[in-house]
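Okay, so here's the structure we're looking at.
Bear in mind these aren't lab numbers, they're just calculated from the coordinates by the rules spelled out. Remember, predicted model here, so these are calculated numbers, not experimental data. Methodologically, a virtual Cβ is constructed for each residue, glycine included, from the backbone with ideal geometry; neighbour enumeration extends over all protein chains shown.
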Amino acid sequence: MQKVLQILGTVGKIILIIMVAMSSLLSLAVAYIVFAPDDLPKPFYLSYLYPTPVPTLDPLIPQLLETPIPDEIVLPGNGIMIDTGTKIINLAEPGGRRYIRISVVLEFVPPAEHTEAKPAAEGEGGGENPAVEAFTTAINAKLPMINDSVITLLSSKSFDELYTSEGKEILRLEILEKVQSMMPEDKILGVYFTEFVVE
């Protein structure tokens, strides 16, 4: 019986030592994860979410409702769309084996007469607004100049610059800036790609 008690006492001491060692290691691991700098390797990193006050619009709502929206503001999608057609252009690649097939549509702010003169109603011989027709004709007359600038810009691009979504957005901005600088009197609302194939 004495030997059994000695063995149980020894086993109890071993279990106690293991539990103390495990709790000490766990405490050290928690302290390391919480207090060590984040540039040291850790099994996981803590992220803290602090409550941030959300601004309320309640005091501003009456002011916003009373503020009229200016008539001259035209939202994207409400302008005049001019399709520049489909272009197939060699890219600036060694050997010239890669090319882009692209269709570009430019959206322009309508002329002031477009908002003032309403088109005739149905049955009154109505059709396109004369101001819009004149504007579209004037822009179409400038299409060779627009196409030349787009082709020149695209032929200076490489495949790596165009195949990512970021590259497409950069190209969209570059086309907008280039065409807008050539036609400062006409405000461009947006540049849309209706076809974009890089091969």
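Summary table below
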{"quantity": "Computed label-point distance, nm, for sites LEU176 and ILE88 using a 7 Å Cα→Cβ extension", "calculated": "3.0 nm"}
{"quantity": "Extension gain, ALA138 back to SER155 (0.36 nm per residue minus Cα-Cα distance, nm)", "calculated": "3.5 nm"}
{"quantity": "Amide N proximity, region 164-196 versus ILE73 label position 7 Å along Cα-to-Cβ, cut-off under 19 Å", "calculated": "187-190"}
{"quantity": "Those lysines that a straight Cα-Cα span of less than 28 Å connects to LYS168, excepting residues fewer than 8 apart in one chain", "calculated": "LYS87, LYS142, LYS157, LYS178, LYS187"}
{"quantity": "Cα centroid separation - region 89-108 against region 128-191, whole Å", "calculated": "13 Å"}
{"quantity": "Principal axes of region 80-198: Cα extent on each, largest first, Å", "calculated": "59, 28, 24"}
{"quantity": "MET19 paired with ASN147, simple spin-label distance in nm, labels 7 Å along Cα-to-beta-carbon", "calculated": "8.7 nm"}
